[in-house]
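Remarks on the structure that follows.
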Amino acid sequence: MRVAVIGTGYVGLVAGTCFADAGHTVYCVDNDPTKIEGLKKGVLPIYEPGLDVLVERSVKEGRLFFTTSTPDAVKESEIVFLAVGTPPNEDGTSNLQYLRAASEEVGAAMEAAKTGHRIVVNKSTVPIGSHKTVAGWIAAKTSQPVDVVSNPEFLKEGDALDDFLKPERVVIGTHKKEIYEKMVELYAPFVRQGNPIIWMDPISAEITKYACNSFLATRISFMNELSHLCDATGGDVEAIRKGMATDSRIGKHFLYAGAGYGGSCFPKDVQALLHTGRNLNVDLSIIDAAEEANARQKQVLVKKVKAHFGSDLKGKTFAVLGVAFKPNTDDIREAPALTIMEELLKAGAKVRTFDPVAMEHGKKILEDRVTWTESMYDAADGADAMLLVTEWNEFKNPDLDKLGKKLKGRVIFDGRNIYDPKVMKAKGFTYFGIGRGNANLG
Ligand SMILES: NC(=O)c1ccc[n+]([C@@H]2O[C@H](COP(=O)([O-])OP(=O)(O)OC[C@H]3O[C@@H](n4cnc5c(N)ncnc54)[C@H](O)[C@@H]3O)[C@@H](O)[C@H]2O)c1
């Protein structure tokens with residue numbers, strides 16, 4: 001099939017590349033010429049493990065094209081994906097300016113080329129009812145027939161290729177059987193092992209995306225609140241997690257207490273859903289509480305630092321490990337590390353930081369207010385304490401003797417509970433985890 005993807009960011013580039021890898025012909029469009037020029041030379045605008053290999057292969061085999069021209073891509077394609085950003089406005093609502101512009105450009109392109117029917121697929125995460133809004137924006141620019149489908153994306157940055165190539169499910173929101181069947185044809189290569197393509201109405205598809213992210217955010221916030229109970233009582237949240245995760249009714253995912261969730265999806269999608277609930281007078285108090293708990297959680301590591309060192313941190317230096325909101329991505333949107341570093345600076349501290357891939361993005365925000373270093377040991381050099389914020393693999397098994405020599409204060413605040421408190425203690429570190437109460441026993 002011939003497919004256009006408008007917006008070549010984390011979602012659009014992954015989706016476009018995976019469709020091309022499955023044998024479809026794909027035109028990836030972005031209105032940022034630097035991104036497109038880079039992609040044409042094999043330079044990817046994002047870090048996603050394995051993506052470069054797939055892009056190179058599909059480009060070489062003539063199935064994947066990069067362009068700044070929406071008209072060219074829409075003319076060539078029977079299915080047009082919208083994968084532009086829907087960032088949050090100040091009040092938590094979704095900013096739909098990119099979606100509107102892209103929709104209108106698609107409509108204008110259909111009109112100019114008299115393309116005939118097109119299926120336009122909304123892959124961006126959008127407010128409930130947006131399939132109708134998008135159809136309206138397109139129809140205002142063209143009299144060519146169009147069907148707008150809601151097809152939310154569930155990929156996780158860092159695991160995006162696996163998630164897209166072997167999705168647990170694909171959700172298709174359309175009222176029309178023939179449109180659903182076209183979408184099934186498109187996705188067939190990814191569900192050969194029998195994972196379902198779930199057909200539902202567009203509104204339910206739009207809500208499903210928000211429901212998944214809000215539910216996962218709620219699980220994390222639930223564990224984070226339990227970690228406070230552990231800190232207060234001496235319980236170990238890691239032991240409790242294992243006790244819960246082995247219950248098949250609960251399952252093992254998204255049960256990790258930590259320094260708070262971030263990223264481009266959970267915070268914004270939770271906010272957007274809450275806003276919709278408020279507008280419609282629908283009480284979403286559980287999700288509201290999850291969001292508030294997360295805002296508090298992003299402060300927890302700094303609170304622990306202040307409890308140990310005092311609230312005036314002048315003259316103290318902290319090593320902050322990890323800038324990305326999670327490992328295996330360079331995405332720093334809403335990253336807890338940014339909040340933590342800002343709070344440390346506000347309290348008068350100096351900050352040395354390191355991240356394997358996200359430092360370029362981080363520099364755009366923190367500039368030279370922190371020291372950007374070359375490794376975790378370099379970050380720790382002369383610091384009073386180390387704060388582990390993003391659980392990159394390379395931080396998980398440090399050479400503790402080397403670290404101990406570098407880290408002046410031998411104090412570790414483990415914001416992701418990746419270190420064994422007993423080992424840390426045995427090596428002479430003062431260790432603070434998240435809800436690790438009595439983890440030192442035994
Ligand atoms: N990042 C994720 O993990 C993820 C997962 C699931 C869903 N989503 C949703 O998918 C959507 C896209 O997210 P993202 O993270 O890929 O965003 P992104 O910011 O990485 O990419 C969006 C791209 O669209 C381009 N763009 C904007 N307007 C355009 C236009 N008119 N024509 C052509 N290109 C245009 C931008 O230049 C940018 O490259 C959002 O709604 C997001 O909520 C994201």
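The values are calculated or read from the model by the stated rules, or taken from the named source; none is laboratory data. Because the structure is a prediction, the values reported are computed rather than measured. All Cβ positions, glycine included, derive from the backbone under ideal geometry; neighbour counts span all protein chains shown. With ligands, DNA and RNA removed, areas are computed over all heavy atoms of the protein, side chains included. Shrake-Rupley method; radii C 1.70, N 1.55, O 1.52, S 1.80 Å.
For (1) outside any loop (DSSP other than H, G, I, E, B); (2) within 15 Å of the ligand (Cβ to nearest atom); (3) open to solvent by less than 60 Å² (accessible area, probe 1.4 Å); (4) out of contact with any Ser or Thr (no Cβ under 7 Å at 6 or more places or on another chain), each residue gets a yes or a no:
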| residue | (1), (2), (3), (4) |
| --- | --- |
| W137 | yes, yes, yes, no |
| K141 | no, yes, no, yes |
| P152 | no, yes, yes, no |
| K156 | no, yes, no, yes |
| D163 | yes, yes, yes, yes |
| I179 | yes, no, yes, yes |
| K182 | yes, no, no, yes |
| L229 | yes, no, no, yes |
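Residues in the range 317-342 that are surrounded by fewer than 24 Cβ atoms within 10 Å (Cβ to Cβ) and not aliphatic (A, V, I, L, M): T317, K326, P327, N328, D330, R333, E334, T339, E342. For K209, the conditions (1) within 16 Å of the ligand (Cβ to nearest atom); (2) not in a helix (DSSP H, G or I) are fulfilled apart from (2).
Can you find even one residue in the range 233-242 that is touching a helix residue (DSSP H, G or I) at 6+ places or on another chain (Cβ under 8 Å), on the phi > 0 side of the Ramachandran plot and crowded, with 21+ Cβ neighbours inside 10 Å? Checked against the condition, which is being touching a helix residue (DSSP H, G or I) at 6+ places or on another chain (Cβ under 8 Å), on the phi > 0 side of the Ramachandran plot and crowded, with 21+ Cβ neighbours inside 10 Å, the range 233-242 yields no hits at all. Checked against (1) more than 26 Å from A22 (Cα to Cα); (2) away from the ligand (no atom under 12 Å from the Cβ), P127 passes all but condition (2).
A count restricted to the range 73-106 and to residues that are more than 12 Å from the ligand (Cβ to nearest atom) and free of Cβ contacts under 8 Å to residues at least 60 places away in the same chain stands at 3. Using the structure shown, decide if S264 is within 16 Å of the ligand (Cβ to nearest atom), at pLDDT below 95 and under 23 Å from A324 (Cα atoms). Yes. Within the range 60-75, the only residue that satisfies the criterion of being touching a Ser or Thr at 6+ places or on another chain (Cβ under 9 Å) and β-branched (V, I, T) is V74. For K314, the conditions (1) in contact (Cβ under 8 Å) with a residue 12 or more places away in the chain; (2) within 23 Å of the chain's Cα centre (by Cα); (3) open to solvent by 20 Å² or more (accessible area, probe 1.4 Å) all hold with the exception of (2). In the condition set (1) under 20 Å from the mean Cα position of the chain (by Cα); (2) more than 13 Å from the ligand (Cβ to nearest atom); (3) among the hydroxyl-bearing types (S, T, Y), T25 is compliant with all but (1). Could you tell me whether I197 is among the hydrophobic types (A, V, I, L, M, F, W, C), out of contact with any Cys (no Cβ under 6 Å at 6 or more places or on another chain) and under 21 Å from D21 (Cα atoms)? Answer is yes for this residue.
Residues in the range 277-305 that are open to solvent by less than 30 Å² (accessible area, probe 1.4 Å) and touching a residue at least 12 places away in the same chain (Cβ under 8 Å): I287, A290, A293, N294, Q297, K298, V300, L301, V302, V305.
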